[in-house]
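This is the structure I want to talk about, given as structure tokens.
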Amino acid sequence: MSRFDPTEARIDATCQRWPGFPREPAVLVRLIKALYKNVHDHANAVLRDFDLCHGEYNALMMLYSTPDRLLSPSELAGAATEKSANITRLTDLLHRKGLIERIPHAEDRRKLELRLTPEGVACVERLLPSMSALLVTEMKGLNGDEQHQLEALLKKMLDGLHPI
């Protein structure tokens, strides 16, 4: 029995009550939601030891993986797939923790840029072993080829969505 069986049974009941209901898309979207929740919860459990939440981790990783570790708030929002209001909240938290700094834009003083501090770099490098282990564990049910196939299918699905 799968943990997803109760949800799938309810989707099937909806299909019986309303024959036009699209079963496969409903199952896939609910599976994606369940996976997201589990992955998010597992990541937060690991990140708690570093006094971070998943959103803060994502922002730190986007800055860490940028060559100069410097992004505008809107670039960070896009890279971290967060809304600008949430990026403001997350960067406020990271700034208070001393993990990022706000730097006036070189050409336009009305703008600012966000940069990882040396403390932020050290934090990321301390948490990477734990998060790497978690990522491997999260994918242990799929072999390499299946992971590549799932990546391609999810990208195709994402590319087919209309922006909200």
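The values are calculated or read from the model by the stated rules, or taken from the named source; none is laboratory data. Given the structure is predicted, the values throughout are model-derived calculations rather than measurements. Virtual Cβ from ideal backbone geometry, glycine too; neighbours counted across all protein chains shown.
Within the stretch 136-164, how many residues turn out to be surrounded by 12 or more Cβ atoms within 10 Å (Cβ to Cβ), aliphatic (A, V, I, L, M) and part of a helix (DSSP H, G or I)?
2
Which residue, of Thr81, Thr91, is more than 15 Å from Ala122 (Cα to Cα) and buried (at least 16 other Cβ atoms within 10 Å of the Cβ)?
Result: Thr91 is the single residue among Thr81, Thr91 that is more than 15 Å from Ala122 (Cα to Cα) and buried (at least 16 other Cβ atoms within 10 Å of the Cβ).
What number of residues in the stretch 105-123 are within 19 Å of Pro73 (Cβ to Cβ) and part of a helix (DSSP H, G or I)?
Of the residues in the stretch 105-123, 1 are within 19 Å of Pro73 (Cβ to Cβ) and part of a helix (DSSP H, G or I).
Could you please tell me which pairs satisfy a Cβ distance under 9 Å, a separation of 6+ or placement on different chains, a first residue in the stretch 49-60 that is more than 14 Å from Val121 (Cα to Cα), and a second residue that is small (Gly, Ala, Ser) and at pLDDT 95 or above?
Between residues of the stretch 49-60 that are more than 14 Å from Val121 (Cα to Cα) and residues that are small (Gly, Ala, Ser) and at pLDDT 95 or above, the close pairs are Asp49/Ser130; Cys53/Ala43; His54/Ala43.
Of the residues that make up the stretch 87-96, is at least one assigned by TED's automatic domain parsing to the domain that holds Arg115 and assigned to a loop (DSSP other than H, G, I, E, B)?
Scanning the stretch 87-96, I find no residue that is assigned by TED's automatic domain parsing to the domain that holds Arg115 and assigned to a loop (DSSP other than H, G, I, E, B), so the answer is no.
In this structure, does Glu56 turn out to be of a type outside the set (Ser, Thr, Tyr) and surrounded by 12 or more Cβ atoms within 10 Å (Cβ to Cβ)?
In short, yes.
Let me ask you something else. With respect to Arg3, is the statement that it is in a loop (DSSP other than H, G, I, E, B) and free of Cβ contacts under 8 Å to residues at least 60 places away in the same chain true?
In short, yes.
Identify, please: which residue in the stretch 24-44 is touching a helix residue (DSSP H, G or I) at 6+ places or on another chain (Cβ under 9 Å) and more than 18 Å from Arg3 (Cα to Cα) and is, among those, surrounded by the fewest Cβ atoms within 10 Å (Cβ to Cβ)?
Filtering first and then ranking leaves Asn44.
Additional query: Go through (1) under 16 Å from Cys53 (Cβ atoms); (2) buried (at least 17 other Cβ atoms within 10 Å of the Cβ); (3) modelled with pLDDT under 95 and name the single condition Glu113 misses.
Every listed condition holds for Glu113 apart from (1).
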